[in-house]
Amino acid sequence: DLEKEQLKTLKKVVKHFENGVPLKNVAQITKILNLCAEKVSEQEAFTEPLCELIKLFGLPFQKKKSSDEVNYSVEVSQSIAQLGYLMRVPSSQVKIQICKCIVSFYNMELPGKLLSGYQPTSADYKIQMAEVGGLAETLALSLALVENQLTEKLWVLKALQHLSISGINCRLMVKAQAASRLCLYLNGADPSGQLVFRSSDILWNLLENASKEEVVHQLRSLECVHALKEVFVELLMRGFRHCDHQLRNDLLVIATLLAENPAVPMIESGFAKLLIVLATFTEVKLSNPLVKGFKLTYSYEDFEMKKLLFNVIRILSKDPSAAQLLSENHVMPALLYYVKLNQKPGFPDWSAAQYEELQLHAIAVLASVAPVLVDKYLSCQANTLLLVFLEWCMGQDPFFGQDNSFHGTGGRGNNLAQMRYSLGVLRSVVALDDDAVNINLCDQGAISQLLDILKYAANKSKEKEGTILLEIQADILFILSVLCENDVHRKELFSCEGIGVLIPFFKMDPTKLYSGLGHNRLLLSALDCLWSCVIGCYTAEDCFIEKQGIFLLLDLLALKEKNLCNIILGILVDFSDNPKTTLHMSIWRGKRDQTAANLLIQLWRQEELDLGVRRDQYGKIVDIKRPIATSFQKRQKVIPVPANCPSFAIMEISESIRAKVYSLFCKLGKTN
């Protein structure tokens, strides 16, 4: 009769603690739990009492004193951790009860009657003890025990879903390889749809609360990517509910994070191709078996999916192995489709605001894709489309930007956002220094048009200055610099009106350099443009000098800004081959009637001070044998470098201003 007596005693224990277990008794209850668990495999009669004992852990523990929570924390955390180990008991009923108990930690209900002299522990006490005990790790490992049992698996996922709101638990789950386990479950059979929903939600939490790199590393296997792709396609083609579309987009975000890692087999699995085709099929109007049967509904979820797909293209453009896929699947014409004004905004297509957001996003992505697909860029006449679009941006069309997205910043009531991103595309392709691209641009009158846009943006800046307008101007100056460098004919084309546009940049209020809006970058771009578009063309040089350009450069040099001095001195050295330059330099006077020679000497002395060149009390250099050696050079050891790398001495000459100052004195003469 021993079994009957034990079962009877267990019922008494459950009855005694039906209003909550005191903290001092938790360890004893755990011992009883373990004894019951050992008996269940042989004697099924112990299953029910075991479940009833587990239910006690779902009630708030009782404390006599406030200090009890701390005093019994070790025993309690170990006892809660034991719940995870009890998942090995071969009983579905026990497994489900453990999961229900864990879920109840997050929705604690007080018992109808409290123990006399006791009070419940704080609401999050069990949650904290679960973290300390490492319950999340053991529960994640238990997924292997319920692989073929759908009901139990869903309960385990529900418990893990609650646990995964904590960073500590997420890190424990990642330690148990939870990410890869969950991903492989995504495409499992489940009519209710809970399997995908709960698994993807936990994956989201792992990505947000644990190491993103480690989670992506666990998901990088071909099996995981295939599982993600299959469930995505299932939701794409057969998901009609609002929640299905939301879940599809959540999985797409996870796929995007995976695509950022080149080691993830997105291309090998065919997932990359599917996403590219899905992103472009509405624009290129070509049927593709991969998306056969899918119809875009223009709902908010489909709009969000469209933006996510554009982002996937941007990420894939960074991977050289994806270039062929992007080329074969018409990405270039699909993105160029948006380089135009929306002719028919509104229902049943995208709304005007949605179209503008997609347009700006597509053009921003084009800046990443164009340098990778230069041949496609030229064959689609992208330069022509962009120049025509930029012409519209400056036109008098009644267009009102919505400014309701990240890419639309600064574009409310105008088309500056469109101008900004279109110039960004031109900048990205021009930076390649590809002759075919640059010739194609110049043959279409790009230099003259860009100068018109520069004047337009400069005039707008006078009305209201902002980062967008400053960025537009800096980008145009960069494009012009690349186009005109090493081509005298283009420099002549520039000089006709370009110098008049450049001069105001050198009259910039010096206080603006510290505004943080981008004036510093703009001034450096203008100086670079001067160096590339004017120097080397005598007519352009003479025009600049006649407009008192040398005086303006010396005024800027007198500011003694470290990041400006080197480039301005370099420009003056190159200008000094023109005999008019030295004349203008000798005439110039700064504050307190300072001469150019005096300014150059001040810069030399400051440079020596910065470099640690020592002089004696009479101003003589101390080290006669190595007069121009700096303290840094003296400390520098001999480091062997390849033949194609410049030595430290060469780098020092190019970065130091002393060589430039010396060159200018050679032109100016050392008298007076």
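The values are calculated or read from the model by the stated rules, or taken from the named source; none is laboratory data. Bear in mind the structure is a predicted one, so any value in this text is a computation, not a measurement. Every residue, glycine among them, receives a Cβ derived from its backbone with ideal geometry; neighbour counts consider all protein chains shown. In case anyone asks, the SASA skips ligands and DNA or RNA and just uses the protein heavy atoms, side chains included. Shrake-Rupley method; radii C 1.70, N 1.55, O 1.52, S 1.80 Å.
Observations on the structure shown:
- Surface share of carbon and sulfur [accessible, 1.4 angstrom probe, percent] for the chain: 54 percent
- All aspartates and glutamates inside 18 Å of Lys660 as judged from Cα atoms, apart from same-chain residues fewer than 8 positions distant: Asp528, Asp555, Glu561, Asp574, Asp577, Glu607, Glu608, Asp610, Glu652
- Where only DSSP H runs of four or more residues are counted, the chain gives -19500 deg cm²/dmol as its mean residue ellipticity at 222 nm, each run worth -39500 (n - 2.57).
- Both radii come from the Cα set of segment 463-520: Rg as radius of gyration, Rh as Kirkwood radius; their ratio Rg/Rh reads 1.03.
- Segment 18-68: trypsin sites (Lys or Arg not before Pro) falling in loop per DSSP and having at most 16 other Cβ within 10 Å: Lys64, Lys65
- In segment 220-329, Cα pairs under 8 Å separated by at least six residues give a relative contact order of 32 percent.
- Candidate aspartates and glutamates for bridging to Lys39, where Cα separation is under 17 Å - those fewer than 8 sequence places away on the same chain excluded: Asp1, Glu3, Glu5, Glu48, Glu52
- When the listed pairs Lys273/Lys307; Lys462/Lys560; Lys580/Lys667; Lys273/Lys306; Lys64/Lys113 are checked against a 19 Å cut-off, the alpha-carbon distance exceeds it for Lys462/Lys560.
- Convex hull volume per residue in cubic angstrom - Cα atoms of segment 85-211: 118 Å³
- Residue by residue, segment 90-95 carries 3J(HN,Hα) couplings of x, 8, 4, 4, 5, 4 Hz when phi is fed to the Karplus relation 6.51 cos²θ - 1.76 cosθ + 1.60 (θ = phi - 60°); x denotes Gly or Pro.
- Where the chain is the region considered: accessible area per residue in Å², 1.4 Å probe: 48 Å²
- Whether segment 569-668 is rounded, prolate or oblate, judged on the alpha carbon gyration tensor where a/c under 1.5 counts as rounded: oblate
- A simple spin-label model places pseudo-atoms 7 Å from Cα toward Cβ; at Ser351 and Ala458 they are separated by 4.0 nm.
- Phi angles of segment 355-363 translate, via the Karplus equation with coefficients 6.51, -1.76, 1.60 and θ = phi - 60°, into HN-Hα couplings of 4, 4, 5, 5, 4, 5, 5, 4, 5 Hz per residue; Gly and Pro are given as x.
- Inter-label distance, nm, simple model (7 Å from Cα along the C-beta direction), Leu290/Gln444: 2.8 nm
- For segment 220-329, the Cα gyration tensor yields ellipsoid semi-axes of 21, 16, 13 Å (square root of five times each eigenvalue, largest first, whole Å).
- Listed pairs Lys153/Lys212; Lys285/Lys460; Lys562/Lys591; Lys4/Lys100; Lys376/Lys507 exceeding 31 Å between Cα atoms: Lys285/Lys460; Lys376/Lys507
- Rounded to the nearest 10 Å², the accessible area of His217 at probe 1.4 Å: 100 Å²
- Here segment 126-150 is scanned for amide nitrogen atoms under 14 Å from the site 7 Å beyond the Cα of Arg88 along Cα-to-Cβ, giving 138-139, 141-145.
- Two-site label geometry, Ser192 and Gln381: point separation in nm, points 7 Å out along Cα→Cβ: 5.9 nm
- With θ taken as phi - 60° and the Karplus curve 6.51 cos²θ - 1.76 cosθ + 1.60 applied, the whole-hertz 3J(HN,Hα) list for segment 189-201 is 5, 6, x, 6, x, 5, 4, 5, 4, 5, 5, 5, 5 Hz, x standing for glycine and proline.
- A cut-off of 5 Å between modelled amide H atoms, ignoring neighbours fewer than 5 places along the same chain, links Asp124 with no other residue.
- Coarse-grained scattering of the chain at q = 0.10, 0.11 Å⁻¹, given as base-10 log I(q)/I(0) from a Debye sum over alpha-carbon atoms: -1.00, -1.09
- Computed FRET value (nearest 0.05) for Thr539 with Arg592, which takes r as the C-beta separation and R₀ as 30 Å: 0.25
- Volume per residue for segment 85-124 equals 106 cubic angstrom (convex hull of Cα atoms).
- Lysines with Cα under 17 Å of Lys625, excluding same-chain neighbours fewer than 8 positions away: Lys634
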